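Each value in this text was obtained by applying a stated rule to the coordinates, not by laboratory testing. Just so we're clear, the structure is a prediction, and the values are computed from it rather than from any experiment. Methodologically, a virtual Cβ is constructed for each residue, glycine included, from the backbone with ideal geometry; neighbour enumeration extends over all protein chains shown.
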Amino acid sequence: MLKKNDIIPLEITDVTGQGSGIGRADGMAVFVPMTAVGDVIDARILKVKKSYAFGKAERIVSPSALRTEPDCPFYAKCGGCVFRHISYAEELKIKRRRVYDALTRIGGLSGFGLREIVGADCPDRYRNKSQIPVGRGRDGTVEMGFFGSHSHRIVGSGECLLQPAEFDAVARAVRGWINDFSVSLYDEQTHTGLLRHLYLRKGFKSGEIMVCLVINGTKLPHSGELLRRLEDCCGSIVTVMLNINRARTNVILGSECRTLSGSGVITDELCGLSFRISPLSFYQINHDQTEKLYALAAKYAGLTGSELLIDLYCGAGTIGLSMADKTRRLIGVEVVPEAIENARENAENNGVENAEFLCMDAGQAAQELARRGERPDVVVIDPPRKGCDEAVIGAVCEMSPARVVYVSCDPETLARDLARFSERGYELTEATPVDMFPRTQHVETVALMSREWSRQ
């Protein structure tokens, strides 16, 4: 029987969608991070459950042919990436299989087509947003980087290969300013200290950069000196902001923002449209992959110019507005008032005149449309990671669109929701995984559902 701290020989024969290799010992599955299928290792057992165990690789006895040398010195400690030890081609295979396994095993679905995963042309430097925690180590030094896996322990990193090089330069400038002026840093345990996070955004088409400092207070000392240093370190910075978050919470951003310099927004171009992005605006993290994702969603929507399109969870309107020129009318639905205001501004700024945005939940929207005597031809759903609740799925089915396009950032909740749609007469026709977040465990999926009776 396996025990904690046992060191055992282990051959990795499979890998989870979350990036852990799987081997078997004493009839138990042993999960080992940062291993690849074909690795033969000496594994130290860290935790033993009833039918499975967790371990770590003490030594690679015989490396897999799929293994590559990690190109990041912080990979073993940082919780951001899980696939830097294998080839990108193999990572894509793992992610596609995760989607297939979720749809068939969790959703119990069959008879659908699963397309090849849409990989990234470049799997590095793609993030247009970074939220960098700031704190002090036990020795009093400034720690800036990312949280370690399954912890709130800051892992310092001088350079992150997922984010633009400009972000590293900004972080160095902020670190120097903290040290030179003894700026107090936030402590989660005591809820004291001022600076909590460094929050950065970049428009990949425009090149514009926003610097936002999240503070546990209302004012930033020595802000003039910080502005001078930021101007010297990066000429692409167009605005510097403060975000006020005084709550005892792990949520990064508060609801109040103040502008130190610039207009308080950056602009970017996506799918030929221009978008203004504030600190609180939702905007997809990977620009180039988002354009591929939205093109897929538009293909599945099958718009001819005569349809009424409903965009649920529309946020700032990006996905719906990218299809507005292909449809008769667009109605976006979102429960967050600030997001709806952004969506309306984005429609106006891009000259989109056939779009309407409703600030209400899906159930309310279904009732409002029924009252008007309108029925959507296509509904696009792009929910948060937790997926849709039963009321939303019921509301969509009550609206009875011919097609539903579901954009998901979590294969498991997608599978659950598609099964619920299936129970109400919608059939999964086709799905395509999209690698929006290379080197991490996350994978996006676009799925097309059609009414069974409309296909006869």
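Here are some notes:
- Per-residue ³J(HN,Hα) for the range 400-406, Karplus 6.51 cos²θ - 1.76 cosθ + 1.60, θ = phi - 60°, Hz, x for Gly and Pro: 6, x, 5, 9, 10, 9, 10
- Linear extension gain, E231 paired with A65, 0.36 nm per residue minus alpha-carbon span: 55.1 nm
- In the chain, helices alone account for a calculated mean residue ellipticity at 222 nm of -7500 deg cm²/dmol, with every DSSP H run of four or more residues adding -39,500 (n - 2.57).
- When the alpha carbon gyration tensor of the chain is reduced to an equivalent ellipsoid, its three semi-axes come out at 37, 34, 18 angstrom, largest first.
- Ellipsoid semi-axes in whole angstrom, largest first, where each is sqrt(5λ) of the Cα gyration tensor of the range 275-353: 20, 15, 11
- Tail beyond 23 Å, pair distance distribution of the range 129-266 (Cα, percent): 28 percent
- Cα gyration tensor, the range 1-67 - rounded (a/c under 1.5), prolate or oblate: prolate
- Label-point gap, in nm, between E356 and K77 - each point 7 angstrom along Cα→Cβ: 5.6 nm
- The alpha-carbon positions of the range 62-196 define a convex hull whose volume is 173 Å³ per residue.
- Placing unit charges on the Cβ atoms of the charged side chains and taking the dipole of the chain about its Cα centre, the candidate lying farthest along the positive direction among S236, G108, H85 is H85.
- Summary of packing: across the peptides 217-230, 91-104, the per-residue average of other C-beta atoms within 10 Å ranks them, highest first, as 91-104, 217-230.
- Over all pairs of different C-alpha atoms in the range 379-449, the reciprocal of the mean inverse distance, the Kirkwood hydrodynamic radius, equals 12.3 Å.
- Only one residue of T218, P337, L296 has its Cα farthest out toward the positive end of the dipole of the range 193-343, where Lys and Arg carry +1 and Asp and Glu -1 on Cβ, and that residue is T218.
- Where both bridge residues fall in the chain, DSSP classifies roughly 70% of the beta bridges as antiparallel.
- Positive dipole terminus of the chain, leading residue within V183, V379, S206 (C-beta point charges): V183
- Put a plus charge on the Cβ of each Lys and Arg, a minus charge on the Cβ of each Asp and Glu, and nothing anywhere else: the dipole of the range 110-198 about its Cα centre is then about 160 debye.
- Taking the Cα centre of the chain as origin and assigning +1 to Lys and Arg Cβ atoms and -1 to Asp and Glu Cβ atoms, the resulting dipole is close to 1160 debye.
- Relative contact order for the chain: 13 percent, from Cα pairs under 8 Å spaced at least 6 residues apart, divided by residue count.
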